[in-house]
1. Is there a residue being modelled with pLDDT of 75 or more, surrounded by 13 or more Cβ atoms within 10 Å (Cβ to Cβ), in a helix (DSSP H, G or I) and not charged (D, E, K, R) anywhere in the stretch 7-15?
2. Condition first: of a type in the set (Gly, Ala, Ser) and either surrounded by fewer than 18 Cβ atoms within 10 Å (Cβ to Cβ) or touching an Asp or Glu at 6+ places or on another chain (Cβ under 7 Å) (or both). Now tell me which residues in the stretch 31-41 satisfy that.
3. Which one is most open to solvent (accessible area, probe 1.4 Å) among residues in the stretch 310-326 that are more than 21 Å from THR248 (Cβ to Cβ) and touching a Leu at 6+ places or on another chain (Cβ under 8 Å)?
4. Of the residues GLY20, GLY32, which single one is modelled with pLDDT of 80 or more and either within 18 Å of ILE340 (Cβ to Cβ) or not in a helix (DSSP H, G or I) (or both)?
5. Name the residues in the stretch 36-47 that are in a helix (DSSP H, G or I) and at pLDDT 85 or above, would you?
6. Give, as residue ranges, the helices (runs of 4 or more DSSP H) completely inside the stretch 346-432 that count at least 2 residues that are open to solvent by 10 Å² or more (accessible area, probe 1.4 Å), more than 30 Å from ASP74 (Cβ to Cβ) and not polar (S, T, N, Q).
7. Out of all the residues in the stretch 343-353, is one or more at pLDDT below 90 and over 30 Å from SER48 (Cβ atoms)?
8. From the list THR434, THR351, THR449, exactly one residue is closer than 20 Å to SER46 by Cβ and touching a residue at least 24 places away in the same chain (Cβ under 8 Å). Which is it?
Amino acid sequence: MVNNSGRLFLGIMTNSGLWGAIISTLVITFLGFILYKKKVLNDHSSNSIQKIVISIIIPFLSFYSFLTNADSKDIKTIGIVFGLSAIYYFLLTTIAIIWVKYLPHAIPKRVLQKAEAEFVEYQLKLELNQRQIFSLGNYFESLQKKHLVTWLMCIYGSNILFATPIVIGVFPNGIELGSLSIWNTLYYIGGFGLSFSLLAGTKFSKEEFKHTFKKAFLNPAFIAIIVAITLWATQYIPKAGVYIEDITPFSAKILKDGKESTVFFSLKGTYGPNFSELYGLKIVDPISNKEVIQWFVYEKLHAIYVPYLNNPTGWFDWKITMPYIAKPITILVSLISPLIWMVIGTSLAKTNLKEMFTKKENWLFLIYKSILIPIFILCLVIPFVKSKLLSANVGSVLVMTGAVPPGTSIVLYSQHLKVHEKYTSQVSSLSTITSFVFIPLWLVIGIVTLNIV
């Protein structure tokens, strides 16, 4: 087991997709940093790029995640991932609300005395007409809001902006990207709607609940995911997905290895390129000595059947069935990584790095966000991976999401509502810088651990 674990770890650490994603991230982020310092990019252009990413490219990415064949095991994976995301978001958000309401009132007396002394010391630096008297009520309120924004930044990470480029680089094919989109679905409710209401101190009336859910459900990325999942699921309708049937054998001319010959097709399958029907015959593989199906597609130009190297797929696998539509979507999706990392580079260029690195509370937040949250998700997925209900790759992607920096929506809300905005800006920047280490580290830890259990 030790040798297997060592080989697995070595295999992951030498994965060209992983290192390609990491190096690309560092280079493009540094480019954004330099362009902002050189005034090629400014706040206006950075905000415009961010709006393009959030309003246009991310919805296309959400749709693109499901442009694949619907396999029977995929629907199980998607259901489990959604269930785990519900446990994660609902449980932690509930704990956060209870924690914020009750725990600050239980802090030790010595902490209150220290806070009061620090407040008095701060007041002495101000002009006489600006000084205030220490208020226990105001202190509790400020502490509650700080705890709240800390919890929200830990729970709602920037999975879309940070995890997506890594997943695309390491797992370009398969259900991993779709699983990430499913995990993010409830983020649109909590990260965009609920979080704003909590930070604003809004009382949850019937109208407020309606406003919160309306704000989440009208998010373009949320709509794109719902549409994509619906279309993807139609492939479970008979003959809309992969469909292979026995047919009465008929003779046909084929072109294989530059030679023409005649064969008898006994199988028909759907779908091939541009919704074409595929015809196949059973042959014995000379290497494995097992019976396999060799598929052929009709080439209209030469009026002959030629070998088709893939297998039949569902209609929603547009990269095969409608490549002319899938291509522009693919091009748009490929823009997400460079644009995101460039914007992050401009954000880092505006940060007071010295102050950010010297505050102990910033590093304490990093322990919560980049260590404890991934451990919690790892414990959450282990039983499902161990029972073979979830693959190790999908589980490791979910673990990796725990290490991403706080969601941009939470940070923006704190800035807008003046809720410890300096604190949120600094911990977000520190988490962003250290994420270049923590994100790939937790992906590796997740894959190795989940393959061992």
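1. For the stretch 7-15, residues modelled with pLDDT of 75 or more, surrounded by 13 or more Cβ atoms within 10 Å (Cβ to Cβ), in a helix (DSSP H, G or I) and not charged (D, E, K, R): absent.
2. none
3. LYS319
4. GLY32
5. TYR36, LYS37, HIS44, SER45
6. 353-358, 360-367, 408-417
7. No, because not a single residue in the stretch 343-353 is at pLDDT below 90 and over 30 Å from SER48 (Cβ atoms).
8. That would be THR351, the only listed residue that is closer than 20 Å to SER46 by Cβ and touching a residue at least 24 places away in the same chain (Cβ under 8 Å).
The values are calculated or read from the model by the stated rules, or taken from the named source; none is laboratory data. As the structure is a computational prediction, the values presented were derived from the model and not from experiment. We place every Cβ from the backbone using ideal geometry, glycine too, and count neighbours over all the protein chains shown. Surface areas here come from the heavy atoms of the whole protein model, side chains and all, with no ligands, DNA or RNA. Shrake-Rupley method; radii C 1.70, N 1.55, O 1.52, S 1.80 Å.
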